[in-house]
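Take a look at the structure below.
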Amino acid sequence: MRTDSTETNFPSESSEAARPLGWGRFFLFLLIAALVTGVDLGTKRFFFDRLGFPSGNTEWVIRDVLGFQTSLNPGALWGVGARQTTLLSVISFAALAGVLFWLRAEGGKSLLVLVSLALVTGGILGNLWDRLALHGIFWPPGYVDHIAGTPIYAVRDWILVMIGSYHWPNFNIADAALVCGVALMILRVFLMPTPKHGADSGKKEVTEQL
């Protein structure tokens, strides 16, 4: 005598972890990254056209607290690695490759990770554009260490913040996006860990979407 049985298959944790990115989320990633890059490049051009080549000229929004002042940074954040254009460009391309790898692995199951990676990507692209001198700015006469008419391989900054008497290094939208993106990653890692096996399934599903 043969007995038929019905077997119910439930999705495993491995199948949840392997959730594909999907075109919808990939488009969202591209949209956010492109928006950040576009706003960054647009604001750089606007304020450099408005205030001119870096000369100390400042427009205050809040006197001695927040203003606009153009400057050129040949390094990374806070001037780290100044004049190491080739090295910083290679690091930028390597970081983009790492972002795409992480996006493929985690972007399909975590919206927070996707947004943070998009912000980082937009920040990298915005500053990489400047670092490769694609902004079309050249050294004017009068700078001893530079030949007039040669491209400027430096990032354009325009946001000025004063903390008391301390002049915070000028920055731009790309820098802000990079910092926000990294902050969101830290938030994801430390404040919203994936629940252990056996935890409430509803809570697990919500966490995986963050």
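The values are calculated or read from the model by the stated rules, or taken from the named source; none is laboratory data. Predicted, not measured: the structure shown is a model, and the values here were computed from it. In this analysis, Cβ positions are derived from the backbone assuming ideal geometry, glycine residues included, and neighbour counts consider all displayed protein chains.
Quick look at the numbers
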item: The range 57-106, residues that are surrounded by fewer than 16 Cβ atoms within 10 Å (Cβ to Cβ), in a loop (DSSP other than H, G, I, E, B), aliphatic (A, V, I, L, M) and modelled with pLDDT under 95; result: VAL80, ALA82
item: Filter result (in contact (Cβ under 8 Å) with a residue 12 or more places away in the chain and farther than 20 Å from TRP60 by Cβ) within the range 137-174; result: ILE137, PHE138, TRP139, PRO140, THR150, PRO151, ILE152, TYR153, ALA154, VAL155, ALA174
item: Residue within the range 36-53 that is under 25 Å from the mean Cα position of the chain (by Cα), at pLDDT below 90 and either over 25 Å from ASN172 (Cα atoms) or in a helix (DSSP H, G or I) (or both) present; result: no
item: Matching option when the condition is buried (at least 17 other Cβ atoms within 10 Å of the Cβ) and touching a Phe, Trp or Tyr at 6+ places or on another chain (Cβ under 7 Å), among ALA133, ALA118; result: ALA118
